[in-house]
Amino acid sequence: MDIYQHKTGIKWVMAVLGLSVIVGTLLYTDYLAKRLVERESKLIHLYARALENAAKNVGTDNDMTFLMEEIIQANVSIPVILADEKGNPISDKNVEYPKEWKESIRIEFLKTQIHEMSEQHPPIKVEFYGIVNFIYYKNSYLLTLLRYYPYVQLGAIMLLIIVGYAAFSYSRKSEQNRVWVGLAKETAHQLGTPLSSLMAISEYFKEEASTRSNPMVSELAKDVERLEIITQRFAQIGLEGKLESVVVRDILEPQIRYLQARTSNKIEYSFQDTTNGARAKLNASLIGWVIENICKNAIDAMEGRGKLRLVLQSEGHQVHLDITDTGKGMNKKTIQSIFKPGYTTKKRGWGLGLTLVKRIMEEYHQGKVVVLKSEPGVGTTFRLSWTKVIG
Ligand SMILES: Nc1ncnc2c1ncn2[C@@H]1O[C@H](COP(=O)(O)OP(=O)(O)OP(=O)(O)O)[C@@H](O)[C@H]1O
Ligand SMILES: [Mg+2]
């Protein structure tokens, strides 16, 4: 079963759901804000009409000022300024400024406010006894808050999701690490005891006159050697791999020779080193595992026949090993999945080879592994990169 196909489906569903929540929230607050703007505007118009009516029914100038103030004061949230025809402020309400301001500064400030307000809403004309005044107003603080609220809310939710996801994936990663390391250590430990006795037996047969020339003895020695290598790898991955500064070629050459001796001669190996003895910090045993996994995949892709070219080169602070095969290649979609644990296109594959390669390269060597190029029907190049050790 392709679990990654499944995972992509879930991701899409989550993305669509998330997007609907965002769009829904924004649309809804926008609707609320619009309704509030309408209400505020209606309220101010009502004030204006009340003012005019009041003015008609009062006798003296003093009474009128009193009434006007009364009506204007009743509004507790919408910033309003009453100004004369020339835009000189007469009185104001809900406009925030320090109380201790001098009159002249206050007037100047109110004038800039009048300008700002007239850009938001057209002023309302009020007329009494032939005197024309204007009421300027702008959206209440509440409305401004409402407009920003969804962004603040979504921002907070986003932050929560990011932090939550980071914490979750950190804990998942450290759990995976513990499993990898624990299992590797245990395997190395379990293999250790039978391996030592096998080694002793193999040595004994090699020395013993009656068995020395038996071909089975050299086969046994080979298998013991192989088991030793495997145990060594598990032990190293369990120890979080010690690194040593080495000439990269010196580590690769014996590994390649070892592999070549064990593969069919229909696979043509070539190894080229143009680094002039570049050094990097490596763990020989783990790098052997990496090379083996990549070469095995290449041999599978070539179905046992083709050319396997390994080129070691340096570029800036990096040393690259490019491994090119003439196998069946991969399409873009496959390339995206090959490093995921369990991804395989083979009947008998576990899909763990490249996961291990990536882990050894990135976690243990602070290096990189990428598919440099791949073309269906033509072949594939994998690139391993390490940081060069200078001096
Ligand atoms: N050189 C290559 N050419 C074409 N396809 C490749 C090549 N290397 C890897 N792949 C693809 O990547 C998949 C994953 O490789 P990986 O080594 O992780 O697992 P596997 O070889 O299938 O199984 P395992 O290595 O665990 O036995 C392979 O099944 C194959 O489809
Ligand atoms: Mg493999």
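When residues of the stretch 269-292 are filtered for being within 16 Å of ligand 2 (Cβ to nearest atom) and either in contact with a Ser or Thr (Cβ under 9 Å, 6 or more places away or on another chain) or not assigned by TED's automatic domain parsing to the domain that holds residue 370 (or both), how many remain?
0
In the stretch 204-241, which residues are surrounded by fewer than 16 Cβ atoms within 10 Å (Cβ to Cβ), of a type in the set (S, T, N, Q) and closer than 24 Å to residue 255 by Cα?
218
Each row is one residue, and each column tells you yes or no for (1) touching a strand residue (DSSP E or B) at 6+ places or on another chain (Cβ under 6 Å); (2) among the hydroxyl-bearing types (Ser, Thr, Tyr).
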| position | (1), (2) |
| --- | --- |
| 175 | no, no |
| 187 | no, yes |
| 190 | no, no |
| 213 | no, yes |
| 229 | no, no |
| 248 | yes, no |
| 258 | no, yes |
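Out of (1) open to solvent by 50 Å² or more (accessible area, probe 1.4 Å); (2) away from ligand 1 (no atom under 11 Å from the Cβ), the odd one out for residue 375 is which?
Residue 375 satisfies all of (1) open to solvent by 50 Å² or more (accessible area, probe 1.4 Å); (2) away from ligand 1 (no atom under 11 Å from the Cβ) except (2).
Quick one: count up the residues across the stretch 349-365 that are more than 13 Å from ligand 2 (Cβ to nearest atom) and either more than 19 Å from the chain's Cα centre (by Cα) or exposed (fewer than 14 other Cβ atoms within 10 Å of the Cβ) (or both).
So in the stretch 349-365, the residues more than 13 Å from ligand 2 (Cβ to nearest atom) come out as 359-365.
With either more than 19 Å from the chain's Cα centre (by Cα) or exposed (fewer than 14 other Cβ atoms within 10 Å of the Cβ) (or both) added as a condition, the list becomes 360-362, 364-365.
Qualifying residue count for the region: 5.
Show the residue pairs meeting these rules: Cβ distance below 8 Å; 6+ apart or different chains; first residue within the stretch 217-229 and modelled with pLDDT of 90 or more; second residue outside any helix (DSSP H, G or I).
Pairs that qualify, where the first residue is modelled with pLDDT of 90 or more and the partner is outside any helix (DSSP H, G or I), are 217/211.
What number of residues within the stretch 91-102 are modelled with pLDDT of 90 or more, out of contact with any Phe, Trp or Tyr (no Cβ under 6 Å at 6 or more places or on another chain) and farther than 20 Å from residue 40 by Cα?
4
May I ask you to list the residues in the stretch 259-268 that are open to solvent by 30 Å² or more (accessible area, probe 1.4 Å) and touching a residue at least 12 places away in the same chain (Cβ under 8 Å)?
So in the stretch 259-268, the residues open to solvent by 30 Å² or more (accessible area, probe 1.4 Å) come out as 260-266, 268.
Listed by number, the residues that qualify are 263, 264, 266, 268.
Which residue is most open to solvent (accessible area, probe 1.4 Å), if the candidates are limited to the stretch 324-348 and must be within 12 Å of ligand 2 (Cβ to nearest atom) and among the basic types (Lys, Arg)?
348
Please determine, by comparing only the residues of the stretch 293-318 that are of a type in the set (A, V, I, L, M, F, W, C) and away from ligand 2 (no atom under 14 Å from the Cβ), which one is most open to solvent (accessible area, probe 1.4 Å). Show your work before the answer.
Going through the stretch 293-318, the residues of a type in the set (A, V, I, L, M, F, W, C) turn out to be 294-295, 298-299, 301-302, 308, 310-312.
If we keep only those that are away from ligand 2 (no atom under 14 Å from the Cβ) as well, we get 308, 310-312.
Details: 308: 1, 310: 1, 311: 22, 312: 1 Å².
Restricting to residues being of a type in the set (A, V, I, L, M, F, W, C) and away from ligand 2 (no atom under 14 Å from the Cβ), the top hit is 311.
Does residue 321 count as more than 16 Å from ligand 2 (Cβ to nearest atom) and open to solvent by less than 50 Å² (accessible area, probe 1.4 Å)?
Judged against the criteria, residue 321 is a match.
Looking at (1) open to solvent by less than 70 Å² (accessible area, probe 1.4 Å); (2) under 29 Å from residue 30 (Cβ atoms), find the lone condition where residue 184 falls short.
Of everything listed in (1) open to solvent by less than 70 Å² (accessible area, probe 1.4 Å); (2) under 29 Å from residue 30 (Cβ atoms), residue 184 misses just condition (2).
The values are calculated or read from the model by the stated rules, or taken from the named source; none is laboratory data. In this text the structure is predicted, and so the values were computed from the model without any measurement. Note that each Cβ is placed from the backbone with ideal geometry, even for glycine, and that neighbours are counted across all protein chains shown. Just so you know, the surface numbers come from the protein's heavy atoms only, side chains and all, with ligands and any DNA or RNA stripped out. Shrake-Rupley method; radii C 1.70, N 1.55, O 1.52, S 1.80 Å.
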